[in-house]
Amino acid sequence: MLLPDEAGRTILTERGALPSLDIDLDARETTSAGAWRELPAIGLAGPLLDCYVDQSTDPANTETEIIGALVELPAPPTTWVPPEGWTPAPLTDRQPHVEPGLAAALAERLAELRGDRPVPELRVPWARHGWYAHARSWIEQVLRDAGRPPPTAVIQSRHWGISAVMQVETPAGRCWFKASFGPFRHEAAVTSLLFAALPEHVTPVIAIDANEGWMLLDDIAGQVVGEDREPTRAAFESLAAIQSGLAGAHGDLRAAGCPHRPIGDLPRELRRTLATPTMRAVLDLSPRRIEQLLTTLTTAVEAVEAVGVPDAFVHGDFHPGNAISTADGVRVFDWSDGAITNPLVDIATWASWFDDDPDHIDTIYRTFHEVRATRLGHAPGTELDRLDRSTLAAVAGAYHTISYAGILAALEPHRQTEHVDGIGEFFTLLDSATPS
C-alpha cells in the first residue's frame with residue numbers, strides 16, 4: 001500500500017517495506033474490490049487511486065496463489081491512526097522494498113510525489129486525484145434524473161489500465177459504472193446505440209457521457225458463461241442477431257466512434273505494427289520471418305475475402321467471460337474493441353478459452369458457422385468448406401495482434417504487462433499458420 005501524507009513529503013513504511021495487507025479474494029473478485037472490502041479493517045476507506053497487480057508472478061506450482069499488488073491511496077485523514085509498526089519515511093530515502101514486479105510502478109509514483117517526474121499524459125483519469133468524486137457525482141445525478149434512489153455505495157470493482165468498473169448499490173437494485181481509456185472511449189456511445197436497437201441482447205443502459213467515455217448500466221440477473229459449454233450456441237445466436245439487426249446501421253456506428261477495420265488492410269497494418277518500438281520489444285522477429293508472416297497473411301486474407309462474407313459489427317473480444325446466460329438467452333457485454341470488419345475474426349477469441357480441448361474447438365467452429373448460415377443467410381457450410389482452420393487463424397491472429405499492439409501503445413509502460421500476453425496468444429495463431 002502506498003500511503004503518502006497530505007503534504008506529499010513522507011510515505012508509510014513497515015520495517016523498510018511498504019505496509020501490506022493480506023486479502024483472500026472471493027471467486028471472480030478482483031484485487032481492487034478485495035482491497036476496498038478490507039480497508040475498513042484498518043480504519044480507511046476508498047477511493048483507490050491505483051491498483052497494479054504484479055504480472056511477473058507465476059503461482060501455478062504453489063499450493064496457495066499469492067500475488068503481489070500495489071494499491072495507491074490518497075492521503076489518509078490527519079485523524080487516522082495507522083496500525084502499529086507503520087511509520088512515516090521521508091521520500092528522499094531509498095525506495096521501500098516491494099516485489100520485483102511492482103518496483104517500476106512504485107519508482108514512478110515516488111518520483112511523481114517528490115516532484116522529479118510529471119504525471120504522464122498516458123495516466124488514465126481514474127488514477128488521478130478527484131476522479132472518483134467526479135464520477136460518483138455523475139452517477140448520483142444520473143440516478144436522480146432517472147427517478148431512482150441515490151446510491152448507498154459506489155465500490156471500485158476493477159481498476160486497471162484500460163477501464164475502471166464500479167459496482168453501484170442502490171435501494172432499487174445494483175447498477176454498474178464503466179469508464180474506458182482513450183482508444184476505447186467510444187464504447188459508451190456504441191453500447192447505447194446497441195441497447196436502443198437490440199435491448200434484449202445487450203446490457204441495459206441507464207445513461208452515458210460520451211465525452212468522458214462513461215456509462216451506467218443496469219445489473220443483469222444471470223450467470224457469466226465462463227467455462228460452461230452449454231450456452232455456446234445461444235451466445236453465437238445473440239451475436240448473429242446483433243450483427244443482423246445492425247446491418248443497416250454502420251453509418252450510425254461510425255458516427256458513434258466505432259472504427260472500420262477492413263481485413264484487406266491487415267497486411268499493411270501488421271507490417272506497420274511490427275515496426276513499432278512497442279512490438280519490437282515484445283516480438284523478436286527477423287526481417288525474413290516478417291516477410292513470411294506477411295505472405296501467409298496476404299494469402300489468407302484473399303481466401304477469406306473470396307468467400308464473400310460481408311463486413312459486420314464485430315465484438316472484438318468475444319469470449320465466454322463477456323457473455324451472460326439469462327432466462328431469456330445470452331446477453332453480450334464489454335464492447336470496448338467493437339469494430340466493423342469481417343465477422344469471422346470473432347471466432348478465434350471464443351475458441352481461445354478452450355485451447356486444451358481440440359474436439360470442443362471443432363464444435364465451436366462448426367456451431368459458429370451453422371448459426372451464421374441460419375441467422376444471416378449464408379449457404380450452410382460455405383465458410384467451413386472453403387476455409388481451413390489455419391486460414392481463419394492467420395487472419396484472426398493478425399487482427400487481434402494489431403488490436404493488442406494498439407492497447408499497449410496507449411498504456412503507461414509499467415501497465416503494458418497487463419495485456420502483453422494477448423499479443424503472444426494471438427500472434428501464435430498467425431505464426432503457427434506460417435511455414436518456417
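The values are calculated or read from the model by the stated rules, or taken from the named source; none is laboratory data. Computed from a prediction, not measured in an experiment: that's the story for all the values here. Positions of Cβ are generated from backbone atoms using ideal geometry, with glycine treated the same way; all protein chains shown enter the neighbour counts.
From the list Pro262, Pro267, Pro231, the lone residue that is assigned by TED's automatic domain parsing to the domain that holds Pro320 and under 30 Å from Ala172 (Cα atoms) is Pro231.
Picking from Arg386, Arg372, Arg366, which residue would you name as being touching a Leu at 6+ places or on another chain (Cβ under 8 Å) and either modelled with pLDDT of 85 or more or in the same structural domain as Val345 (by TED's automatic domain parsing) (or both)? I'd like the intermediate steps shown before the answer.
On the way: Arg386 fails: touching a Leu at 6+ places or on another chain (Cβ under 8 Å); Arg372 fails: touching a Leu at 6+ places or on another chain (Cβ under 8 Å).
Just a single option satisfies the conditions, and that option is Arg366.
Look at Glu237 and say whether it is touching a residue at least 24 places away in the same chain (Cβ under 8 Å), charged (D, E, K, R) and surrounded by 15 or more Cβ atoms within 10 Å (Cβ to Cβ). Answer is yes for this residue. The set of residues from the range 1-32 being surrounded by 13 or more Cβ atoms within 10 Å (Cβ to Cβ) and over 19 Å from Pro76 (Cα atoms) comprises Ile23, Leu25, Glu29, Thr30, Thr31. Can you spot a residue in the range 276-285 that is over 19 Å from Gly422 (Cβ atoms) and touching a helix residue (DSSP H, G or I) at 6+ places or on another chain (Cβ under 9 Å)? No: the range 276-285 contains no residue that is over 19 Å from Gly422 (Cβ atoms) and touching a helix residue (DSSP H, G or I) at 6+ places or on another chain (Cβ under 9 Å).
Out of everything in the range 122-142 that is part of a helix (DSSP H, G or I) and among the charged types (D, E, K, R), what residue ends up being farthest from Ala179 (Cα to Cα)?
Among them, the one singled out is Glu140.
Residue count for the range 171-197 under the criterion of being surrounded by fewer than 17 Cβ atoms within 10 Å (Cβ to Cβ) and either within 19 Å of the chain's Cα centre (by Cα) or not small (Gly, Ala, Ser) (or both): the result is 3.
A count restricted to the range 68-110 and to residues that are touching a strand residue (DSSP E or B) at 6+ places or on another chain (Cβ under 8 Å) and either in a helix (DSSP H, G or I) or assigned by TED's automatic domain parsing to the domain that holds Pro413 (or both) stands at 5. In this structure, Arg233 qualifies as under 29 Å from Tyr365 (Cα atoms) and among the charged types (D, E, K, R). List pairs: first in the range 241-258 and assigned by TED's automatic domain parsing to the domain that holds Asp311, second of a type in the set (Gly, Ala, Ser), Cβ under 6 Å, 6+ apart or cross-chain? Cβ pairs passing all conditions: Gln243/Ala312; Gly245/Ala197; Ala256/Ala189; Gly257/Ala189; Cys258/Gly338.
In the list Val154, Val142, Val119, Val71, which residue meets the criterion of being over 17 Å from Met1 (Cα atoms), of a type in the set (A, V, I, L, M) and in contact (Cβ under 8 Å) with a residue 24 or more places away in the chain? Only one candidate qualifies: Val142.
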